[in-house]
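No value in this document is a laboratory result; all are computed from the given coordinates. Being a predicted model, the structure only gives us computed values, none of them experimental. Backbone-built Cβ (ideal geometry, glycine too); neighbour counts: all protein chains shown.
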Amino acid sequence: MRILYLDETESTNLYLRQFLGGGEDIAVVARRQSGGRGTKGRSFLSEEGGVYCSVLRFYDALPASGAFRIMAHAAVSVCRTVETYGLFPRIKWPNDVFLCGKKLSGILIENILEGTRVSASIVGMGVNVTNDVSALGGIAVSLKEMLPVPPPPAEVARLLLSFYGEESTFEDYLSRLGFMGSVTVIEGERSFPATARRVLADGRLEIETQDGVRALGAAEITIH
């Protein structure tokens, strides 16, 4: 896989879209992003000192029903990278990676569909390493806060892409999953208490409420 290195770009995901017609798997790593994006249209703080990378991968026969495995694999890759430093991250469904209850990493997946299959995906992964996250009001954490000697962002990026190039299983994802049990679900204009029971093979979260058991996708609900 070819890897491109940039000082700055608006968004590593956006940068890779120019290569969609080429059929070549490519990764890009940027020192900073001027317009980093998160899920559901949120911005993603991307100051120098973090890892901001995206991977464009093409598939021959990946059914759309299996698209969640792309997301799960990205989250596992981030976890394996962080575990290298003796830390124990947890995944908050569907794909945010937390450390000590604070967000360490965000992942943005853009799948390109052709009929009933995924022909390609752009997987953006951001990890807080030595960047200052204090502006986020205590909801985020960086590796420099958790390690006596934080690793260089370039080293973390190299490890992350190496782990992303390896295989992972759905069980690898489930074994790192946290934040289950009592949750608050935001669905449209309303919020309600529920119990997060498990993540199904297709990536939906099974919840139990006073009205019974339901399985919902990440595009439908937000969990707190």
Peptides 87-93, 50-56: what's the order by average Cβ count within 10 Å, highest mean first?
-> 50-56, 87-93
Give a residue-ordered list of calculated ³J(HN,Hα) values for the range 184-192 (Karplus: 6.51 cos²θ - 1.76 cosθ + 1.60, θ = phi - 60°; whole Hz; x for Gly, Pro).
-> 10, 9, 10, 10, x, 8, 10, 10, 7
Regarding the range 45-125, what are the three Cα extents along the principal axes, ordered largest first, in Å?
-> 41, 24, 19
Any idea what diffusion coefficient the range 181-223 gets from Stokes-Einstein, in µm²/s, Kirkwood Rh on alpha carbon pairs, 10 °C, 1.306 mPa s?
-> 154 µm²/s
With each pseudo-label sitting 7 Å past Cα toward Cβ, what's the Glu189-Leu20 distance in nm, one decimal?
-> 3.4 nm
Out of (i) 20.0, 65; (ii) 18.0, 57; (iii) 17.2, 52, which label holds the value of Rg and Dmax of the Cα atoms in Å that was computed here?
-> (iii)
If the cut-off is a Cα-Cα distance under 16 Å, which aspartates and glutamates reach Lys103, setting aside same-chain residues fewer than 8 apart in sequence?
-> Glu47, Glu83, Asp132, Glu145
Got a sec? How would Val156, Val78 order by Cβ neighbour count within 10 Å, fewest to most?
-> Val156, Val78
List Asp96, Asp202 from most exposed to least, where exposure is judged by having the fewest other Cβ atoms within 10 Å.
-> Asp202, Asp96
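Please compute the length gained on full extension between Ile139 and Asp60, using 0.36 nm multiplied by the number of residues separating them and subtracting their Cα-Cα distance.
Going from the current span to full extension adds 24.5 nm.
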Residue of Val28, Val133, Val185 that the Gaussian network model of the chain assigns the largest fluctuation, springs spanning Cα pairs under 10 Å = Val185
Starting with the fewest neighbours, write out Met71, Met125, Met1 ranked by other beta-carbon atoms found within 10 Å of each beta-carbon.
-> Met1, Met71, Met125
Take every DSSP beta bridge with both residues inside the range 2-178 and express the antiparallel ones as a percent of the total, to the nearest 5.
-> 75 percent
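In deg cm²/dmol and to the nearest 500, what is the mean residue ellipticity at 222 nm of the chain if only DSSP H runs of at least 4 residues count, each as -39500 (n - 2.57), divided by the residue total?
-5500 deg cm²/dmol
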